[in-house]
Amino acid sequence: MDSTINPEKYNVQNDKDNKKFPLLSNTYKVIDSNYICFNNYVIGSGSFGKVLYSININQTEEYAIKFENPTVKNSVLEEELNIYKNVYSDKVEGVPKIYYYGEYKKYKIMVMDLLGPSLDKFYKICNKQFTIDTTVNLGYQMINRIEYLHKMGYVHRDIKPNNFLLGKFNRQCSDDLVYIIDFGLSKSYICQETGKHYELSDNKRFVGTPRYASLNTHLGFKQSRRDDLESIIYVLIYFIKGELPWQGVKAKTKSEKKEKIKRKKKTISVEKLCEGIPFEFVELLNHIKSLEFKEQPDYDLYRKILNQTYEKYKQYNVFMWDWEISFLKTQEFPQLLNSNRSKYEKLYEGYPIPDFNVYLEALIQRNIERSQNVGQIQNLNLHVNGNIDVNNNGIVNNEKTTTAFKSDIMEKKSAFTNNKMIIEDEILDLDNKKRENNKIINSYFKNNVFDMEIDKDMEVMEKNKIYKIDKKPTKK
């Protein structure tokens, strides 16, 4: 049924008193007599088709519905559904739940959890560059997600910012959990007959996204766990640096472009690729590139390195995402209101979001609560058991929080309660310090050649927590 349906037939109506989600427009359709899908609320789109916002017939739950374009030559939606079914568990975080699979007219459809925007969208509203703080927090969770997928016997084969989403959507936009999606290209690396890892083979067709694909994928080798991790590191380098060296290559055909990207990945050194960013990324990428085809990655080591990177370069006592800091500046600089409102609306395009001012008030309150709950400040120092991480949210006890800091937090909460605002001067001051520290850090790394003797220079960084280097390092 299309937009001509009679709402009374399905007993759907706007009922805010009963906390029902409203009908957003007159252009909607009912699917399987259970889901109301809004045609003009497009969350995402691509060659595969579209993802639309939806609610159930009782208007009490929200969903995303993926419509696969009927013109797609090789449908992967059913295979993707099977992988979702195999990996989803209500005891494991970071994988969306599938509620329905079927057909609507000529489309194959899948109803799933309504998640927040992709990391690519957050990246774009942050002027296409993340700080080290945000990057390593995202990277930590991305490794958690891919470790779980690998433990379930699958390799993703299409790691990119668009395939990681932040949180289940809610009106406060307050979920910090990273989700992994889109298993359309994913494959099992375990042979069903033997129960063992597949053998290495070559001359395979290219599968994935050229910008983030591993070198071995470009070379035609069968993909395994190491390739997913190499792609994650490329994504993290892209987040921090704002670009990758093989971006923007000119070519007349897609195959020519892939060939040029392959050549660049083959010739560039890890040290050169990581120039200007923390040396820990050299360690990560070198370790992953050294893995054999069947070798199990050391996920704990990668988390440890990211945690060390975060502790070394973090700019705030209480973690905030880059986009949150940007939006909070609106309180100090009212002239940023229209610009930030536009970014907010672009970020949540296709979602039924509240007004930006409402979101901003919720964000202010949220960060006050973060500061108040000093025993649950987001940190990367997670305990990991033999199966999966205990809490993929990254919430642990922060033993480094001092009594003085706790007192300062309570004062901030009191100021907010009485004045309905946070201390904007402090936010601005922290932001200015952050910019200055980043300049010093970047300057430091650009003046090193990243050889194996850099450990001595890193000791200097450790002793100067605010990164004021007394003596400029000499080039090797």
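Details
- Residue satisfying all of: in the stretch 34-76; closer than 23 Å to D158 by Cα and among the aromatic types (F, W, Y); modelled with the lowest pLDDT among these: F48
- Meets criteria (in contact (Cβ under 8 Å) with a residue 12 or more places away in the chain and under 12 Å from the mean Cα position of the chain (by Cα)) for K128: no
- Just one of the listed residues (D158, D175) is touching a strand residue (DSSP E or B) at 6+ places or on another chain (Cβ under 6 Å) and either assigned to a loop (DSSP other than H, G, I, E, B) or without any contact (Cβ under 8 Å) to a residue 24 or more places away in the chain (or both), and it is D175.
- A search for C-beta distances below 9 Å between a residue of the stretch 272-297 that is closer than 19 Å to E243 by Cβ and not assigned by TED's automatic domain parsing to the domain that holds P245 and any residue that is buried (at least 20 other Cβ atoms within 10 Å of the Cβ) and at pLDDT 95 or above, counting only pairs 6+ apart in sequence or on different chains, returns nothing.
- For the stretch 87-144, the set of residues classified as closer than 23 Å to L229 by Cβ, assigned to a loop (DSSP other than H, G, I, E, B) and of a type in the set (D, E) consists of E93 only.
- When residues in the stretch 329-354 are screened for being of a type in the set (A, V, I, L, M, F, W, C) and touching a helix residue (DSSP H, G or I) at 6+ places or on another chain (Cβ under 6 Å), 3 of them pass.
- Odd one out for E79, checked against (1) modelled with pLDDT under 95; (2) outside any helix (DSSP H, G or I); (3) surrounded by fewer than 22 Cβ atoms within 10 Å (Cβ to Cβ): (2)
The values are calculated or read from the model by the stated rules, or taken from the named source; none is laboratory data. From a predicted model like this one, the values you see are computed outputs, not experimental measurements. Here the Cβ is made from the backbone with ideal geometry for all residues, glycine too, and neighbour counts use every protein chain on show.
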